[in-house]
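The values are calculated or read from the model by the stated rules, or taken from the named source; none is laboratory data. Since this is a predicted model, take the numbers as computed values, not measurements. Cβ atoms come from the backbone with ideal geometry, glycine included; neighbour counts cover every protein chain shown.
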């Protein structure tokens, strides 16, 4: 556990020293959301109807924006090989990276989402559900994205490729995330959607670091 | 383990696989011809769908193959990762484009059938959406496998991706049962026996057999091609190395 904490502290220190990275994610999130009223027209009823979809898609894209950097720096300067040589193996490295990615992108997104939901006119009752669903599913995105980011290390045009790889895997999260918010806005039971999101998170937490570690080993060969 | 190691030798594999090719081709053509004849001419039109039902004989086996190819690809990738089997990597890589083509065929024929039957080319129903996701998974596999300068590295990374994507397979298979949507549930592979008439079942099964034989034929040809490409790369490397050495020797002498 202490090893995990050291890895996590290292990741967070790296992010902090780069400064405005996590603010960039929020800025991208905001810009992507602002595009929609221009694209579909400013009719408040329509915007309120599709608000949850807009917020979810923008959050997915924003989370993906910073995925590539999860391992790229360590891969290029060789620290990944040193991490792989540690007796703990790459599983805790993958888990710590995913957690750090969530703390610097998923968490700010979750906190910022109600503000944007408000300006889009999302139903007030759905606000809490939106935050809860985002809090449950953004870690899944960080975990899945970590596996994708590890797979494209050393590939040509890795960034575009990463989007192609992880987007299909994000779709279940999107379906149940939007489902939860829609259910809350329509006055239906929210619990089933949230429990499925929680199940997806648990599955990803167990399987993804393992797949990420395997992909990192391949990248180090 | 014995058999796995035995057929890891590409030449032994080719010695066994090459003689199968004419049989696969003959069987495939025969079943395709008889299946198409039964499907297009001698099977009855459906009481609800009319003549449009004949699209099903192309569509349903293609959809089966789309899933079958993905499972085969993931299984081959798993064997390659666990046993470092050199041919399993090639088999996974050779399966991907065939599976992608069958997925596209299933989507296209389904869309052609949907226009007269459902009145729309496309609906965002669970089965259609998950098959579309499957198509993107195939594309991702192909893109990743070809994104590296070292093909072996690409194969291994893409293999891990194929294994991650396996979670989509049960979702596709059971999507029509979990979500009550426009796409009809299974009528052939059921525990209580098929619910379709033998006159329609036979052409369907013949077409499925033809597709499978086609897949095996293409698989062997593609693996042969990959093996040849690997040999070519090794020869080119060796020649580049000897050219280097003769140049160094000549310079040393001069």
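What are the residues in the range B:44-82 that are farther than 26 Å from residue B:114 by Cβ, within 11 Å of the chain's Cα centre (by Cα) and within 14 Å of chain A (Cβ to nearest Cβ), if any?
The answer is B:74, and nothing else.
Scanning the range A:184-200 for residues that are touching a helix residue (DSSP H, G or I) at 6+ places or on another chain (Cβ under 6 Å) and surrounded by fewer than 20 Cβ atoms within 10 Å (Cβ to Cβ), which turns out farthest from the other protein chains (Cβ to nearest Cβ)?
That would be A:198.
Report yes if some residue within the range B:25-39 is without any contact (Cβ under 8 Å) to a residue 60 or more places away in the chain and closer than 30 Å to residue B:174 by Cβ; otherwise report no.
No, the range B:25-39 has no match at all.
Would the range A:46-67 turn up any residue that is surrounded by fewer than 18 Cβ atoms within 10 Å (Cβ to Cβ), free of Cβ contacts under 8 Å to residues at least 60 places away in the same chain, out of contact with any strand residue (DSSP E or B) (no Cβ under 6 Å at 6 or more places or on another chain) and not in a helix (DSSP H, G or I)?
no
Any residue in the range B:83-91 that is part of a loop (DSSP other than H, G, I, E, B), within 18 Å of residue B:219 (Cβ to Cβ) and either at pLDDT 85 or above or more than 14 Å from chain A (Cβ to nearest Cβ) (or both)?
Yes, the range B:83-91 contains a residue that is part of a loop (DSSP other than H, G, I, E, B), within 18 Å of residue B:219 (Cβ to Cβ) and either at pLDDT 85 or above or more than 14 Å from chain A (Cβ to nearest Cβ) (or both).
Inspect the range B:187-194 for any residue being modelled with pLDDT under 75 and at positive phi and give the result as yes or no. Before you say what the answer is, go through the steps one by one.
Taking the range B:187-194 and keeping what is modelled with pLDDT under 75, we get B:187-194.
Among the residues that remain, those that are also at positive phi are: B:193.
Yes.
Only one of these is crowded, with 17+ Cβ neighbours inside 10 Å and either modelled with pLDDT of 90 or more or more than 10 Å from chain B (Cβ to nearest Cβ) (or both): A:174, A:161. Name it.
Details: A:161 fails: either modelled with pLDDT of 90 or more or more than 10 Å from chain B (Cβ to nearest Cβ) (or both).
None of the other options fit; the residue is A:174.
Assess whether residue A:99 counts as being in a loop (DSSP other than H, G, I, E, B), in contact with a helix residue (DSSP H, G or I) (Cβ under 7 Å, 6 or more places away or on another chain) and at pLDDT 85 or above.
Details: in a loop (DSSP other than H, G, I, E, B): no; in contact with a helix residue (DSSP H, G or I) (Cβ under 7 Å, 6 or more places away or on another chain): yes; at pLDDT 85 or above: yes.
Taking the combined requirement at face value, the residue does not satisfy it.
Quick test of your reading of the structure: residue A:153 fulfils all but one of (1) in a helix (DSSP H, G or I); (2) within 14 Å of another protein chain (Cβ to nearest Cβ); (3) in contact (Cβ under 8 Å) with a residue 12 or more places away in the chain; (4) in contact with a helix residue (DSSP H, G or I) (Cβ under 9 Å, 6 or more places away or on another chain). Name the failing condition by number.
Answer for residue A:153: the failing condition is (1).
Does residue A:218 satisfy being farther than 25 Å from residue A:118 by Cα, within 12 Å of another protein chain (Cβ to nearest Cβ), surrounded by fewer than 24 Cβ atoms within 10 Å (Cβ to Cβ) and more than 18 Å from the chain's Cα centre (by Cα)?
Details: farther than 25 Å from residue A:118 by Cα: yes; within 12 Å of another protein chain (Cβ to nearest Cβ): yes; surrounded by fewer than 24 Cβ atoms within 10 Å (Cβ to Cβ): yes; more than 18 Å from the chain's Cα centre (by Cα): yes.
Spelling it out, residue A:218 is indeed farther than 25 Å from residue A:118 by Cα, within 12 Å of another protein chain (Cβ to nearest Cβ), surrounded by fewer than 24 Cβ atoms within 10 Å (Cβ to Cβ) and more than 18 Å from the chain's Cα centre (by Cα).
Please determine whether any residue of the range A:34-43 is under 24 Å from residue A:83 (Cα atoms), surrounded by fewer than 16 Cβ atoms within 10 Å (Cβ to Cβ), out of contact with any strand residue (DSSP E or B) (no Cβ under 8 Å at 6 or more places or on another chain) and at pLDDT 85 or above.
For the range A:34-43, residues under 24 Å from residue A:83 (Cα atoms), surrounded by fewer than 16 Cβ atoms within 10 Å (Cβ to Cβ), out of contact with any strand residue (DSSP E or B) (no Cβ under 8 Å at 6 or more places or on another chain) and at pLDDT 85 or above: absent.
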